[in-house]
1. Here are B:Val125, B:Val107, B:Val101: which of them is hydrophobic (A, V, I, L, M, F, W, C), surrounded by 15 or more Cβ atoms within 10 Å (Cβ to Cβ), under 28 Å from B:Leu154 (Cβ atoms) and touching a residue at least 40 places away in the same chain (Cβ under 8 Å)?
2. Just for segment A:39-59: of the residues that are assigned to a helix (DSSP H, G or I) and loosely packed, with under 12 Cβ neighbours inside 10 Å, which one is modelled with the lowest pLDDT?
3. Give B:Val131, B:Val147, B:Val135 a once-over and let me know the one that is exposed (fewer than 14 other Cβ atoms within 10 Å of the Cβ), more than 14 Å from chain A (Cβ to nearest Cβ), at pLDDT 90 or above and out of contact with any Leu (no Cβ under 6 Å at 6 or more places or on another chain).
4. What residue, of B:Val194, B:Val184, B:Val203, B:Val208, is within 11 Å of chain A (Cβ to nearest Cβ) and either more than 18 Å from B:Ile105 (Cα to Cα) or crowded, with 21+ Cβ neighbours inside 10 Å (or both)?
5. Just checking, which of A:Val51, A:Val28, A:Val20 is within 12 Å of chain B (Cβ to nearest Cβ) and out of contact with any strand residue (DSSP E or B) (no Cβ under 8 Å at 6 or more places or on another chain)?
6. Take the residues in segment B:84-128 that are under 21 Å from B:Pro206 (Cα atoms) and outside any helix (DSSP H, G or I), then tell me which one is modelled with the highest pLDDT.
7. When you look at B:Asp63, is it buried (at least 20 other Cβ atoms within 10 Å of the Cβ) and of a type outside the set (Ser, Thr, Tyr), yes or no?
8. Tell me which of these B:Trp161 doesn't satisfy, since it passes every other one: (1) away from every other protein chain (no Cβ under 14 Å); (2) part of a helix (DSSP H, G or I); (3) exposed (fewer than 13 other Cβ atoms within 10 Å of the Cβ).
Amino acid sequence: MEFNREFILGCSAIGAGLAVIAGIGPGVGQGIAAGHAAAAVGRNPGAKSDVTSTMLLGQAVAETTGLYGLLVAMLLMFVKPLAN
Amino acid sequence: MNQGLLLAADSGNVDFFIHKVFSYTIFGQEVWITTSHVCILIVFLILTAFALCANAAMKKASDVPTGFQNVVELIVEMLDNMLKTNMGSHAHQFANYIETVFIFILVSNISGLLGLRPPTADYGVTFPLGVITFVLIFVNKIRYQKVSGFLKGLCDPWPIWAPINVIGDVAVPISLSLRLFANVLSGTVMMALVYGLLKWIAVFWPAVLHVYFDLFSGAIQTYVFCMLTMTYISDAIGEK
């Protein structure tokens, strides 16, 4: 069955929307990391700078999976690999 | 149109693509000079100018630092401390590379403030940085753990795990470079959407978004890239 270009582009847009749902996971993960970091600073305020840098590093690494979803969405929306 | 990642031109209002400046033919292959090249050249010129000023300031350095010498010493000391806390006694071997990369990525990321398209929002810029890290990891593993240690690390619990370990090693440069690329790109896209779709409504208040997407996110990602590079390299070196 042959699909026309508009149909494929529409489906690509839906796929891009589904792909950025990947952002939920890193959001929850970063929130948990920030919460634990806040608790750690509350228990030991002297270690604030160490805790903050460790938290930021961990959050940035956790963010990667969400960014992969974003990249897939970008590819579907703007490079249009399926419609060419 | 399918020339490469985000190298496209039919965009309408929203414009965050890499554009062609001019093209030339070399060895029968058409090569494009894009906005990424121009922006990277501008970043290079800024850094060179800063380096020349710093060199001139340190030529007539005094024991009690004043003016520009203060700034230069502050930057170098900050970066040296970051390296010392992470790499310990091996810090001096990698200081040149990691501090250079830190300053380059930082200036690239915040060059969105100057109205440039950040060079790090081009996968062709971040992937080589990831590959350099990969080569450094590999070379240092061979140098410090010898070939026997390298093979032992490859067959970590049992030899049957070797393919999985190889995939894990190859994933390092890809995830490093994609993380930096996607973060900077997402900032660029958000700013392009704000300016492209809101038009005259977008006055003054996008400055707040610039602070987050360009300054905060850019600085964090620079720190993370260098931090992970240092962690991987000291992991490859082995003993503390």
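1. B:Val101
2. A:Ser49
3. From the options B:Val131, B:Val147, B:Val135, the qualifying one is B:Val135.
4. Only one candidate passes the filter, namely B:Val184.
5. One residue alone meets the criteria, A:Val20.
6. Filtering first and then ranking leaves B:Pro118.
7. On the way: buried (at least 20 other Cβ atoms within 10 Å of the Cβ): no; of a type outside the set (Ser, Thr, Tyr): yes.
No.
8. (3)
The values are calculated or read from the model by the stated rules, or taken from the named source; none is laboratory data. As the structure is a computational prediction, the values presented were derived from the model and not from experiment. Note: ideal-geometry Cβ built from the backbone for every residue, glycine included; neighbour counts use all protein chains shown.
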